[in-house]
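Throughout, read-outs are computed from the coordinates displayed, never taken from laboratory work. Worth saying up front: this structure is predicted, and the values here are computed from it rather than measured. Every residue, glycine among them, receives a Cβ derived from its backbone with ideal geometry; neighbour counts consider all protein chains shown.
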Amino acid sequence: MHSAPRSSAPSADATLAQSAYMRLRSDIVAGHLAPGEKLRVEHLKDRYDVGAGTLREALALLVADALVVQHGHRGFRVTPISLADFIDITETRVQLETEALRQSIALGDDTWEADLTSAFHLLTLAEERLGDQGSGQPGDGGTFAQWEVRNRAFHEVLIRACPSRWLHHFLAILYRQSERYRRLSITHRPVPRDVHKEHQAIFDACLARDADKAAALLAAHIRKTLEAVRELPDAVVNAGTVPLAAVRAVRADRTDR
């Protein structure tokens, strides 16, 4: 007698855990859950409307992403941030992403070029809308959120033709880590910067199949955020390694101005 084939569809519990993971990840990246903040399961299960077991599954996934740290039996906290950490993230990302870009340019076909052109066009439209609204702050709501999605899509398409799944895996983790710091740099001290011009230059170099130029432009583009983060107050850029009250005081002061 043959046994019934196992379904490849995810279970309801797995789907709930993935949904909770995505929502928690979004709130951590956006800063709604502050660096260093204790993540109390009994509070979060009500906030995200999931059971304690499902929430712990989601938190375990975030530990794997290095967005959450677990302290033995003391529970979970949002991973702290620091300038030293972001320097490490940035330089590692530069090394890996420029290598992935070189491979992508070498191997990308007509479909890759078409996808890149489409992603750049959509990103350009989002950047124009941000320009129409002024500074393009996270407070601009849907417009800024749309830009974030399209910015990530552009960076993903840049390296899509790279065949290394490990490069893609590690870069996805590094990109999410970078998003936390980019959010801080924009929220607390927006630095005048023509991001569209940077994207245009990278795009043009890719279509020209100039790997050296494209890699150099991408490296400079990634490091721009580090330059902005270096200018932030210590209580902001080292959040989670300084008292949380100090971080919130700086944020409140910025909001009141």
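Things to note:
- Proximal lysines relative to residue 213, as straight alpha-carbon distance under 29 Å, when same-chain residues fewer than 8 apart are discounted: 197, 224
- Rounded D (µm²/s) - the range 83-237, Kirkwood Rh over Cα pairs, Stokes-Einstein at 4 °C, 1.567 mPa s: 82 µm²/s
- Extending 7 Å from the Cα toward the beta-carbon at both residue 91 and residue 106 defines two label points whose distance is 2.5 nm.
- Of the residues 178, 196, 235, the one whose Cα sits farthest towards the positive end of the charge dipole of the range 83-237 is 235 (charges of +1 on Lys and Arg Cβ, -1 on Asp and Glu Cβ, taken about the Cα centre).
- Using a Förster distance of 25 Å, the FRET efficiency for residue 200-residue 169 (Cβ separation, nearest 0.05): 0.30
- Dividing the convex hull volume of the alpha-carbon atoms in the range 12-79 by its residue count gives 75 Å³ per residue.
- Amide H contacts of residue 68 (H built 1.01 Å from N, under 5 Å, at least 5 apart or other chain): 63, 79
- The alpha carbons of the range 58-167 stretch over 52, 38, 27 Å along the principal axes, in descending order.
- Sequence-distant contacts, meaning Cα pairs under 8 Å at least 6 residues apart, place the relative contact order of the range 12-79 at 39 percent.
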